[in-house]
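Student: Got a structure for you, written out below as structure tokens; questions coming shortly.
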Amino acid sequence: VTIRKWATCPDGGRPLPYSSLYSGDIRSTRISPELERRDHMKDKQIDLHRVITVIISIVWMAFQTYIILGKPMNPMLQVPVHLVFALAIIYLYNPIDKKNEKLRKLKFLDYIFYAGILFLAYYYICETVRLQSRVPYFSALETIDIVAFFVLCIVLLEAVRRTLGWNLIIFIAIFVLY
């Protein structure tokens, strides 16, 4: 009786029998040179996504520690910067194709949302003085204010959908339409 064992293909294709991965007999412990080369290359590759996530997490922790132990910031700048860090972490930990590999084609949307988050960071940091001195309902809104509002709404709603699902999005949509 022959028992055939299966291993997943390193390229993500169909499973391969162990016998094709090893040179010689299936009981042999010697790995084929091709598989050794693939494993060696995989060890050398740096997961850029993971590195960026760790760096942003550490910078966010340092920012929060600075606010607590160091000099407090103006809330008109502190809150948006905190929000930008939180949105960046949400999108990095919950990419669009995290739960469904079929959505890999939509990976470009992640980059659009990253650009939106960077735009929001730029907007709040560069426009802080104007936003602090603005008198609500009397000062005219500029075009960048309206654009930032819509970008923030879209990025926030997508972040809610990625973390909590469609139920809360439908609930929010009902209240927005009301």
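The values are calculated or read from the model by the stated rules, or taken from the named source; none is laboratory data. Remember, predicted model here, so these are calculated numbers, not experimental data. As a convention, Cβ positions derive from the backbone with ideal geometry for all residues, glycine included, and neighbour counts pool all protein chains shown. These accessible areas exclude ligands, DNA and RNA; they are computed on the full protein's heavy atoms, side chains included. Shrake-Rupley method; radii C 1.70, N 1.55, O 1.52, S 1.80 Å.
Student: Using a 1.4 angstrom probe on the protein heavy atoms only, line up ARG104, ARG50, ARG134 by accessible area, largest first.
Tutor: Of ARG104, ARG50, ARG134, the descending order of accessible area is ARG50, ARG104, ARG134.
Student: Pick out, in residue order, every one of the chymotrypsin sites (Phe, Trp or Tyr not before Pro) in the range 72-140 that is DSSP loop and has at most 10 other C-beta atoms within 10 Å; say none if there are none.
Tutor: Passing sites in the range 72-140 are TYR137, PHE138.
Student: As a test question: what accessible area, to the nearest 10 Å², does GLU101 have when a 1.4 Å probe is rolled over all protein chains in place?
Tutor: 120
Student: Accessible area per residue of the range 103-142 at 1.4 Å probe, in Å²?
Tutor: Normalised by residue count, the accessible surface of the range 103-142 is 74 Å².
Student: Of all accessible surface on the range 38-178 at a 1.4 Å probe, what whole percent is carbon and sulfur?
Tutor: Roughly 72 percent of what the probe reaches on the range 38-178 is carbon or sulfur.
Student: Specify the inter-centroid distance of the range 127-146 and the range 91-122, based on alpha-carbon positions, in whole Å.
Tutor: 29
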